[in-house]
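The structure appears right after this line, and notes come after that.
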Amino acid sequence: DAKTTQPPSMDCAEGRAANLPCNHSTISGNEYVYWYRQIHSQGPQYIIHGLKNNETNEMASLIITEDRKSSTLILPHATLRDTAVYYCIVRVSYNTNAGKSTFGDGTTLTVKP
Amino acid sequence: NAGVTQTPKFQVLKTGQSMTLQCAQDMNHNSMYWYRQDPGMGLRLIYYSASEGTTDKGEVPNGYNVSRLNKREFSLRLESAAPSQTSVYFCASSWEYNEQFFGPGTRLTVL
């Protein structure tokens, strides 16, 4: 699976949009982009995923560039409870190699009042 | 619907002791995973099981063994614990190779 690069930390003001970037320049055509977050020491929580089209759900939006080499997770109105470590990973979704996808160190997002 | 459950929540071992971490899921997922997370670090995959009866090594399998007991349960065994295995262990499951659902973790300290 392709390696991802994320900034180690970011700050965001409460109520503003948080835009978290991820670089995955070696992504293959059959690899999806997944985002998870980990609040404090809890187990990671799935947020959203996409292949090449932009995606939106009740938690966030995912914008993938046309060349698929990078993506941005958008939390439209960040709250203090969104303070967490955010992980971007890429993985295939149809064969056993998917099991080998790994989580990097992620981005620590701090939402400030 | 409990999702993914892990036992125990906390454990302290002495060097050389053995133990088994238990994981169970009630979502009828076919794939299950074990990760470790050291302080201030991301998750690293230890082993995974794509389906009942199969297991494969991840990034950091040395010092661990796993058993996929049935579709619901996936256990992780430390045969001879070492201080380097002090970590938080997370189990996860997924339907096929889609989004993973994680358990609350087991916090293990090896003295």
Per residue, the convex hull enclosing the alpha carbons of the range B:1-101 has a volume in Å³ of 97
List the residues whose amide H sits under 5 Å from the amide H of residue B:47, counting only those 5 or more places along or on another chain, with H placed 1.01 Å from N in the peptide plane. B:34, B:58
Kindly work out what percent of the DSSP beta bridges joining two residues of the protein assembly as shown are antiparallel, to the nearest 5. 85
With T = 20 °C, eta = 1.002 mPa s and Kirkwood Rh from C-alpha pairs, the Stokes-Einstein D of the protein assembly as shown in µm²/s is about 119
Taking the Cβ of each residue in A:34, A:46 as the centre, tally the other Cβ atoms inside 10 Å and list the residues starting with the fewest. A:46, A:34
Long-range HN-HN contacts of residue B:64 with modeled amide H, under 5 Å: none
Would you kindly state how much longer the chain becomes between residue A:9 and residue A:28 on full extension, computed as 0.36 nm times their sequence separation minus their alpha carbon distance, in nm to one decimal? 4.2 nm
The whole-number value in µm²/s of the Stokes-Einstein translational diffusion coefficient for the range B:1-47, with Rh from the Kirkwood sum over alpha carbon pairs at 4 °C and 1.567 mPa s, is 100
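Starting from the coordinates of the alpha-carbon atoms of chain A, obtain the Kirkwood hydrodynamic radius over all distinct pairs and give the value in Å to one decimal.
This gives a value of 14.1 Å.
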Chain B - percent relative contact order, Cα under 8 Å, separation 6 or more: 36
Percent antiparallel among DSSP beta bridges confined to chain A, nearest 5, equals 85
Vicinal HN-Hα couplings computed from phi for the range B:69-82 (Karplus, 6.51 cos²θ - 1.76 cosθ + 1.60; Hz; Gly/Pro x): 5, 6, 5, 7, 10, 9, 9, 10, 10, 9, 6, 8, 5, 10
Could you work out the percent of alpha carbon pairs in the range A:11-70 separated by over 12 Å, rounded to a whole number? 72
Footprinting exposure proxy for A:80, B:108 (fewest neighbouring C-beta atoms within 10 Å first): A:80, B:108
Amide H neighbours of residue B:54 under 5 Å, counting only residues 5+ apart in sequence or on other chains, H built in-plane at 1.01 Å? none
Ranked by Cβ crowding within 10 angstrom, fewest neighbours first, how are B:74, B:101, A:103 ordered? B:101, A:103, B:74
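Since every read-out is calculated from the coordinates, none of them should be taken as a lab result. All values reported here derive from a predicted model rather than from experimental measurement. Positions of Cβ are backbone-derived with ideal geometry, glycine not excepted, and every protein chain shown enters the neighbour counts.
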